[in-house]
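What follows is calculated from the coordinates using simple rules that are stated; it is not laboratory data. Bear in mind that the values here come from a model prediction, so they are computed numbers and not experimental data. We place every Cβ from the backbone using ideal geometry, glycine too, and count neighbours over all the protein chains shown.
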Amino acid sequence: MRIIAWLVEQPWAALLLASAWKASGIPAAVREVDVPEAPTYSPAWPASAADHPPAAGPTPTILLPPASTSTFSTPAAADAAYVADAPGRVILALAGHTPPPGTPVAVGSAEDARRALARRGRPPRPGAPSPSAARPRTLAEYAAAYAAGAATPSQVAEAALAAIADSDGGPPPHLRAFIAVHPAAVRRAAAESARRFEVGAPLSPLDGIPFAVIDAVDAAGYETTGGSAILAARRGGAADDDAPAVAALRACGAVLLGKANCHEAGVGMTGLNPVWGTPRNPHDTGRFAGGSSSGSAAAVAAGLAAFALGLDGGGSVRVPAGLCGIVGLRPTVGRTSAAGAADTAFSIMALGVLAPTAACAAAVHAAIGNAGTAGCVPRPPPLSLPSILPLPGARPLSGTRVGVYRAWLGDADPGVVASCEWGLTALQEAGAEVKK
């Protein structure tokens, strides 16, 4: 044993061992192995396939009262009357064009008009849902409804609370997007927002819009468990203060619905959580929502929240966003403060946004970017974002270069490659220069 120890400690021993390890063929075998991994879901309780049939898509839960009608101006599509996204329901009504009496009206925006009426010759994104498919509401739609008086923050909050309760009620499978909701606090914040709209003094375009926060980031009055009973015990009770990003959103008037579920301890790509229950994918309840910001993604994709915050170190915002069909933005570390995050937030973590569209994600990022960074040295530079809803024909990304590594881009399923190519074309139309 002493001879072996002496040999291992010699300067040339490391080179000899490395050579032997390479010659064994094990590294090459591991590197080249192809293990098929079909997307699956492992329920935390016994359930047959009949208990969780695939859903047609997330059903929007935030609609106006069934008997209401409304019109509002959207200059970008002044040549249209209205656009229906389902039989008998209108998502876009322009000034001077009133839908048939009794038709339920949901909110619309210039973004909807451009998407539904003028794609400038560019085909739809491969695999994109049809215009009639249900989808979550955008921030522009909420803002337009509030400004037109077609809905109030209190109405939206009540609808959201009912939808959250319904998502976890009845027999399984349950969505499990949220682990904690304080209805009284939600109603109080929504009522305050509604009063601001009544006097014409909203705090920002985010005023009255409901959002969720991953249960790895502090929100005053809520426990921060990181999806783990052990972390919950260590932190010992409800947080006294908001994390900087949460405080910034509340200062904008956004209404916090509650804490969103996440992968246990915030480390994992599936969202599996035996403590609070595993969030399911709203598009197919037999599949994972992805992780670790699983509840945040599920809440947005199902229309329970307009947007949500998540933490991302190795894909924990981007993966669930991709699996749930929404947008996930993981900014540069330091651009958004990770103060007030659970102990799992190491130096690689960044606070990110999950939202229905890129424009929505940009709007929220504009609100939380640099929040809590006043004492940082050096402090991040000011945010520079294009207009959230640029005019038709505008090129807001002019002067921006986008790098593409084709070797990796092509190493994916054809549908993924086609969607990426579609996105690159959209970036070029907005003025960006795509570099290989």
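What the table shows:
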read-out	value
Residues with amide H under 5 Å from that of residue 255, placed H, sequence gap 5 or more	208, 209, 211
For segment 141-378, share of DSSP beta bridges that run antiparallel, in % to the nearest 5	60 percent
Long-range HN-HN contacts of residue 340 with modeled amide H, under 5 Å	none
Phi to ³J(HN,Hα) by Karplus 6.51 cos²θ - 1.76 cosθ + 1.60 over segment 315-329, Hz, x for Gly, Pro	x, 6, 9, 6, 5, x, 4, x, 6, 9, x, 10, 9, x, 10
Amide H contacts of residue 287 (H built 1.01 Å from N, under 5 Å, at least 5 apart or other chain)	281
Protection proxy ranking, peptides 298-309, 361-372, average beta carbon neighbours within 10 Å, highest first	298-309, 361-372
Gyration tensor verdict on segment 393-436 (Cα atoms; rounded if a/c is under 1.5, prolate if a/b is larger than b/c, oblate otherwise)	oblate
Segment 364-373 - phi-based ³J(HN,Hα) in whole Hz, Karplus 6.51/-1.76/1.60, Gly and Pro as x	5, 4, 4, 7, 9, x, 6, 5, x, 10
